[in-house]
Amino acid sequence: MLQTGVPPATQRFDSVDVLRGISIAAVVLLHCYIRFVLSGHSLRAVLPLFLWRTLFLNGGNGVTVFFAVSGFLITYTSLRRFGSLADLKPGVFYRIRFARIAPLLLALLAVLSILHLLHVDAFYISPKRATLPQALFAALTFHLNWLEAKRGYLPANWDVLWSLSIEEMFYLFFPIACVLLLRFRRFGMAMFCLLLTTLIVLAPMGRTIWAANELEAEKSYLGGMGSIAMGCLTALLLRRWQVRKALPSPLKLLAIAWSGAVLMLFAEMPFRIPAIGPFVHWIAVRDLDDSLLTLGTCMVIFGLVARNHAGSAWTAPIRWLGRLSYEVYLTHEFFVIGITLLALRIGHSTGKGLGRGMLAWSVLTLLLSSVFGWLVATYFSEPMNRRLRGAPHPAELKAAPARR
């Protein structure tokens with residue numbers, strides 16, 4: 001039995017872990033590519049165009065998928081934990097989020113602060129961008145995305161915190177919105193859904209007409225929160241249909257999931273079909289491809305979670321990586337930086353350059369980042385999570401709780 005009055009969360013969903021595993025792999029590979037490019041090398045010359053774009057240019061799309069998945073899991077888990085969002089207890093909600101997010105975040109900030117004070121290359125914050133206290137304050141108050149939009153990029157290990165800032169700022173106000181709006185039993189849910197829909201509609205504007213520069217467009221609160229809000233609405237719809245036992249047939253659910261996958265592919269890939277070229281250009285200019293990707297992601301989540309089939313054996317490695325996505329996301333840049341420097345040194349000493357070896361070095365980075373993420377999760381973040389939540393060891397539960 002869970003202690004301190006925190007009811008158990010929902011079980012893991014293999015399909016969601018697959019999405020997260022693919023997304024975190026895309027993020028790591030993008031950052032490997034960026035690091036090589038900054039060093040004067042590019043995988044573009046050694047890979048076919050389609051493969052290069054698919055493997056190394058989808059990290060931003062991976063973050064969008066993370067936002068949608070996060071919004072779904074937080075809402076669906078809260079519905080299972082509290083019975084309804086109207087009965088959500090903010091104190092419990094905040095404690096659970098703190099237990100999951102804070103230990104690793106605080107440990108990371110401590111390590112980064114030491115590396116900055118030691119003036120270690122690739123970790124030192126330029127005074128032109130921010131001071132260490134400013135960076136720490138921004139990270140701890142979830143406005144590092146805003147700081148970077150105004151001052152420019154911070155070192156890579158700090159930069160990854162921009163998406164966490166958007167996500168946690170959303171969850172700072174999520175319980176407040178539930179308490180203020182859903183206490184009106186008659187119109188509360190309609191107002192709550194209207195609020196989420198408004199975020200979805202305004203998100204493209206946050207990435208375009210309301211952004212003063214490219215950094216503001218990339219790191220906009222509104223741009224990211226639209227994807228989280230769509231995930232929230234997906235969870236509300238799924239739970240409502242489950243309670244009413246009105247879910248579509250398994251075949252229709254599978255069709256929804258496959259349609260979502262096609263929509264994700266359309267949003268992610270640079271199709272060059274003359275007949276739809278103007279339409280694709282229109283979507284890209286208005287930054288609606290991010291919204292289409294989110295919609296496709298939510299359709300996949302809805303269809304597969306509703307079917308709730310166990311994942312197959314061949315997806316086990318990617319599901320394993322998906323369960324470690326938070327730990328890998330916060331720590332992978334250490335390996336990206338270190339392995340890139342090692343690759344460049346070896347390439348220079350042998351006089352053979354890097355060539356296709358960059359692909360092998362990138363895969364090695366992904367593997368080592370994953371193993372380190374597992375170590376961090378197993379021996380630090382998950383034990384701290386259980387201790388701060390007052391929950392028993394996962395082995396004492398019939399199913400492990402969803403972690404984001």
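What helices (runs of 4 or more DSSP H), lying completely within the range 104-160, carry at least 2 residues that are open to solvent by 40 Å² or more (accessible area, probe 1.4 Å)? Can you show your working first?
Numbers: elements: 132-140, 144-151, 156-159.
Qualifying helices (runs of 4 or more DSSP H): 132-140, 144-151.
Search the range 311-338 for residues that are touching a residue at least 12 places away in the same chain (Cβ under 8 Å) and pair each with any residue that is surrounded by fewer than 22 Cβ atoms within 10 Å (Cβ to Cβ) and not in a helix (DSSP H, G or I) when their beta-carbon atoms are under 6 Å apart and the residues are at least 6 apart or on different chains.
Pairs found: Arg319/Gly311; Ile337/Ala122.
If we scan the range 356-365, do we find a residue that is closer than 18 Å to Phe36 by Cα and loosely packed, with under 13 Cβ neighbours inside 10 Å?
Within the range 356-365 (the criterion being closer than 18 Å to Phe36 by Cα and loosely packed, with under 13 Cβ neighbours inside 10 Å), the answer is yes, since at least one residue qualifies.
Name the residue that is farthest from Phe72 (Cα to Cα), counting only residues in the range 295-324 that are among the aromatic types (Phe, Trp, Tyr) and open to solvent by 50 Å² or more (accessible area, probe 1.4 Å). First the steps, then the outcome.
Here is the first cut: in the range 295-324, the ones among the aromatic types (Phe, Trp, Tyr) are 302, 314, 320.
From what is left, the residues that are open to solvent by 50 Å² or more (accessible area, probe 1.4 Å) are 314, 320.
Details: Trp314: 25, Trp320: 19 Å.
Among them, the one singled out is Trp314.
Does Val371 count as in a helix (DSSP H, G or I), among the β-branched types (Val, Ile, Thr) and open to solvent by 30 Å² or more (accessible area, probe 1.4 Å)? Can you show your working first?
Details: in a helix (DSSP H, G or I): yes; among the β-branched types (Val, Ile, Thr): yes; open to solvent by 30 Å² or more (accessible area, probe 1.4 Å): yes.
When the stated conditions are applied, Val371 passes them.
Please go through the range 150-180 and pick out each residue that is in contact with a Leu (Cβ under 8 Å, 6 or more places away or on another chain), aliphatic (A, V, I, L, M) and under 28 Å from Leu194 (Cβ atoms).
Correct list: Leu164, Ala177, Val179.
This table checks each residue for (1) crowded, with 23+ Cβ neighbours inside 10 Å; (2) within 27 Å of Met264 (Cα to Cα).
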{"site": "His41", "(1), (2)": "no, no"}
{"site": "Pro48", "(1), (2)": "no, yes"}
{"site": "Leu55", "(1), (2)": "no, yes"}
{"site": "Val65", "(1), (2)": "yes, yes"}
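Would you confirm whether or not the range 21-28 contains a residue that is within 30 Å of Leu181 (Cα to Cα) and either surrounded by 24 or more Cβ atoms within 10 Å (Cβ to Cβ) or without any contact (Cβ under 8 Å) to a residue 40 or more places away in the chain (or both)?
No, the range 21-28 contains no residue that is within 30 Å of Leu181 (Cα to Cα) and either surrounded by 24 or more Cβ atoms within 10 Å (Cβ to Cβ) or without any contact (Cβ under 8 Å) to a residue 40 or more places away in the chain (or both).
So, Phe335, is that one at pLDDT 65 or above, assigned to a helix (DSSP H, G or I), open to solvent by less than 60 Å² (accessible area, probe 1.4 Å) and of a type in the set (Phe, Trp, Tyr) or not?
On the way: at pLDDT 65 or above: yes; assigned to a helix (DSSP H, G or I): yes; open to solvent by less than 60 Å² (accessible area, probe 1.4 Å): yes; of a type in the set (Phe, Trp, Tyr): yes.
Judged against the criteria, Phe335 is a match.
For the range 164-200, give me the residue count where each residue is of a type in the set (Ser, Thr, Tyr) and open to solvent by less than 10 Å² (accessible area, probe 1.4 Å).
Selection size over the range 164-200: 2.
Can you name the number of the only condition in (1) basic (Lys, Arg); (2) open to solvent by less than 10 Å² (accessible area, probe 1.4 Å); (3) closer than 26 Å to Leu247 by Cβ that Lys219 fails?
(3)
So which of Ser84, Ser70 ends up being touching a residue at least 40 places away in the same chain (Cβ under 8 Å), out of contact with any helix residue (DSSP H, G or I) (no Cβ under 8 Å at 6 or more places or on another chain) and among the small types (Gly, Ala, Ser)?
Ser84
(1) modelled with pLDDT under 95; (2) within 30 Å of Thr141 (Cβ to Cβ); (3) open to solvent by less than 30 Å² (accessible area, probe 1.4 Å): which one isn't true of Asp87, the others all being true?
Failed condition: (3).
Exactly one of (1) modelled with pLDDT under 95; (2) over 26 Å from Val328 (Cβ atoms); (3) out of contact with any helix residue (DSSP H, G or I) (no Cβ under 8 Å at 6 or more places or on another chain); (4) of a type outside the set (Lys, Arg) is unmet by Ser126. Its number?
(1)
Taking the residues in the range 184-207 that are farther than 17 Å from Ile166 by Cβ and in a loop (DSSP other than H, G, I, E, B) as candidates, determine which candidate is modelled with the highest pLDDT.
If we take residues in the range 184-207 being farther than 17 Å from Ile166 by Cβ and in a loop (DSSP other than H, G, I, E, B), then Phe187 is modelled with the highest pLDDT.
The values are calculated or read from the model by the stated rules, or taken from the named source; none is laboratory data. Remember, predicted model here, so these are calculated numbers, not experimental data. Glycine also receives a Cβ, built like all others from the backbone with ideal geometry; neighbour counts cover every protein chain displayed. Ligands, DNA and RNA are excluded from the accessible area calculation, which covers all protein heavy atoms including side chains. Shrake-Rupley method; radii C 1.70, N 1.55, O 1.52, S 1.80 Å.
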